[in-house]
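Novice: There's a structure below that I have some questions on.
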Amino acid sequence: MIYDLRFMNKNNSITQFTDLIVWQEGHKLVIQIYAITNSFSKQEIYSLIDQIRRAVVSITSNIAEGFGRQTIKEKIQFYYLAQGSLTEVKNQLIISKDIGYLNMIDFNQAYEQANTVHKLLQGLIKKSKSFLNS
């Protein structure tokens, strides 16, 4: 079961990385990627499957690590690493579709979720940068 963590903090404040909507949406993407790669050819287990799973886990891991860092510059650095991993996942989704491992419905759903995470991550980076200038 996947929990909607957005409502788990009753104070409506951000006290841990799981309170971040960008992390929550990224986690949904992780679950999607794991589910869709289960149907990939088993000969891809140590190549495309492994690569896309590592990249998608890296997104939420870097968001979490950035959240735990002390300085704004460090936080932003990890949020940018998450963005790089997200771009890698998008590329791997396109490859998976183009070589016939991923149907258009699954591709569109995963790619749309990746775009949602991207927008939220851009917002987090922009907001974090605003603290540097204040």
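What follows is calculated from the coordinates using simple rules that are stated; it is not laboratory data. Computed from a predicted structure; not experimentally measured. Here the Cβ is made from the backbone with ideal geometry for all residues, glycine too, and neighbour counts use every protein chain on show.
Novice: If you look for lysine pairs in the chain that are eight or more places apart or on different chains, how many of them have Cα atoms under 19 Å apart?
Specialist: Lysine pairs meeting the criterion: 13.
Novice: Follow-up question, since we're still on this one. 5 Å is the cut-off here: which amide hydrogens, built 1.01 Å from N in the peptide plane, fall below it relative to R69, excluding neighbours closer than 5 in sequence?
Specialist: none
Novice: Within a 10 angstrom radius of the beta carbon, how do E44, E112 rank from fewest other beta carbons to most?
Specialist: On the way: E44 16, E112 12.
Ascending number of Cβ neighbours within 10 Å: E112, E44.
Novice: Fewest Cβ neighbours within 10 Å first, please rank I45, I76, I59, I105 accordingly.
Specialist: So the residues, fewest neighbours to most, are I105, I45, I76, I59.
Novice: Applying the Karplus parametrisation 6.51 cos²θ - 1.76 cosθ + 1.60 with θ = phi - 60° to the phi angles of the stretch 81-97, what ³J(HN,Hα) value in whole Hz is obtained for each residue in order, glycine and proline being reported as x?
Specialist: Values per residue, Gly and Pro as x: 4, 4, 5, x, 5, 5, 5, 4, 4, 4, 4, 5, 5, 4, 4, 4, 5 Hz.
Novice: Next up: Two-decimal Rg/Rh of the stretch 22-132 from alpha-carbon positions, Kirkwood Rh?
Specialist: Expressed as Rg/Rh, it is 1.02.
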